[in-house]
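Student: Dropping a structure here in C-alpha cells format, bear with me for questions.
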Amino acid sequence: MRSWLNNLLKNPKKDTGKVLGINLSPEHAAWCLLENAQASPRIHSSEYVEEDTPSPVAALQALIDKGALPKHPCHICLDHRYYSMLLVDAPDVPDQELSDAVKWKVKDLINHDIESVVVDAFRLPEDAYRGRMNMLYVAVMETDVVQGLVNLCDKSGLQLESIGVNELAMSALTEHVAADSDLGAAFLYINGNSGTINLIEQGHLYLTRTIELAKGGGTFSGNLDFQQDPVDNLALDVQRSLDYYESQLGKTGVSAVYLVAADHEHGAWVEGLSERLPISAHLYTVPDALNAEGVRDTGIVAPALGAALAAVQWAKTAKANKSAASGGKHARA
C-alpha cells in the first residue's frame, strides 16, 4: 500500500517491531496494534469508539479522546465514504510517474478542482481482463482532509506513516483466511447503510464495487425497491460482481464470501447469503494465529487490522523488490 504522504511526512520512524492500524468511519473509529509484525504478526491490543462524527479528523479525535493511542508507526485506513474510487485506463508511464499522470486523467471525472485533491493509483494485475486492457484504480480525496489528519497526528504525537483505503485493507485480510489459494475470495464490507464488494486473489484486488443498503446519498449498484428483503438485494449485487469477475476479468472463480459487518444485525445475514449464492458465505473472524488479544467486535476492528497487515506486507514486498532490483506495481495491499 503506497503512502499518500510522501511529500508531507519527514524522517521515517525507527522499526519498533509493532505496527498500529487505525480505521476511521462516520460511525466508528478503531485501532489495532500488531506486535512482532515483520516475523509472525499477532494482535497485541485493540480499541474502538462508537460515535457519529462528521469527518475523518473528528473520528480520529474521538479515538484519541477515548484514551492514549500506542506510540508506534501508524497507518490509517479510511472508510470508503471519505474518498472516490475510479476505474480508468492506465497511462503509459513508469510507476513513479503514475499518480501525477492519473491526476490529470481524472480531472473531468470528479466534482472538485484537481488542485484541491490528492490522488493515488494502483494497477490491476496483468491477467485482469485477460490482458486485453490495462486498467487501474484511482483513489481521490480532498487535500484538506489529508492535511487535517497529518496535523492532528503531529499534534497528538502519533507516528503517522500512511493513509490508505478500505479496499486495500480488505485485500490484506485475505492472506489470513482459509480460502482456496488457487481461487479468489470476496470480502463484503458493510458499515452503516453502505459498503463495498471486493474480489481479491492472492492479495491482489481485481474488482471493487460500492453498494448502498438504504436511501440517503452515496452511490449504489441496485434498485433499492426491487425486493423487500435486503439480503435478496445484497445477494444479487454479489452475484453480479461474481459474474463480472468471471466473464469480463477472465478469472476462474471465487471460493467464498467473507462478510465484514460492523453491525450485528448485518452479520446475521450470512446464513441468507449462503442460501442465495452458489458459494459459501462466512462471517469474518480474526484467525486464531493473529488473535493473541481476543478481539471483540471483529467487524469494527477488522479494517484497522487490515491497515496494519497491509503496511507489513507492503514493507516486505518493497524490501524484496529492492533486493531483487525489480519493480512492478499491482493492486496489492
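The values are calculated or read from the model by the stated rules, or taken from the named source; none is laboratory data. All values derive from a computational prediction rather than experimental measurement. Virtual Cβ from ideal backbone geometry, glycine too; neighbours counted across all protein chains shown. Remember, those area values only see protein heavy atoms, side chains included, never the ligands or the DNA or RNA. Shrake-Rupley method; radii C 1.70, N 1.55, O 1.52, S 1.80 Å.
Student: Can you order the peptides 153-163, 125-135 by their average number of other Cβ atoms within 10 Å per residue, highest first?
Tutor: The peptides rank, most packed first, as 153-163, 125-135.
Student: Three principal axis extents, largest first, for the C-alpha atoms of region 88-137, in Å?
Tutor: In descending order, the Cα extents are 35, 21, 13 Å.
Student: Further question: Give me the 1.4 Å probe accessible area per residue for region 87-216, excluding ligands and nucleic acids, in Å².
Tutor: 42 Å²
Student: Suppose the chain between Ser280 and Met133 were pulled fully straight at 0.36 nm per residue; how much longer would it get relative to their current alpha carbon spacing?
Tutor: 49.9 nm
Student: Which peptide among 271-281, 54-64, 89-99, 25-35 comes first, and what is the full order, when sorted by highest mean count of other Cβ atoms within 10 Å?
Tutor: Order by mean packing, descending: 25-35, 54-64, 271-281, 89-99.
Student: Follow-up. Mind sorting out which of (1) 0.93; (2) 1.00; (3) 1.03 is the real Rg/Rh (Cα atoms, Kirkwood Rh) computed from the coordinates?
Tutor: So the structure-derived entry is (1).
Student: Hey, if you put +1 on the Cβ of every Lys and Arg and -1 on every Asp and Glu Cβ in the chain, which of His204, Val260, Val49 ends up farthest toward the positive end of that dipole?
Tutor: Of the candidates, His204 comes out farthest on the positive side.
Student: Taking all protein chains in place and a 1.4 Å probe, what share, in percent, of the accessible surface of region 112-196 do carbon and sulfur account for?
Tutor: 44 percent
Student: For the pair Arg240 and His112, what calculated FRET efficiency results from E = 1/(1 + (r/R0)^6), where r is the Cβ-Cβ distance and R0 = 30 Å, to the nearest 0.05?
Tutor: Between His112 and Arg240 the formula returns 0.55.
Student: Using a basic spin-label model with each label point 7 Å from the Cα along Cα→Cβ, how many nm lie between Gln38 and Val88?
Tutor: 3.6 nm
Student: Can you give the calculated 222 nm mean residue ellipticity of the chain, where each DSSP H run of n ≥ 4 adds -39,500 (n - 2.57) and the sum is split over every residue, rounded to the nearest 500 deg cm²/dmol?
Tutor: -9000 deg cm²/dmol
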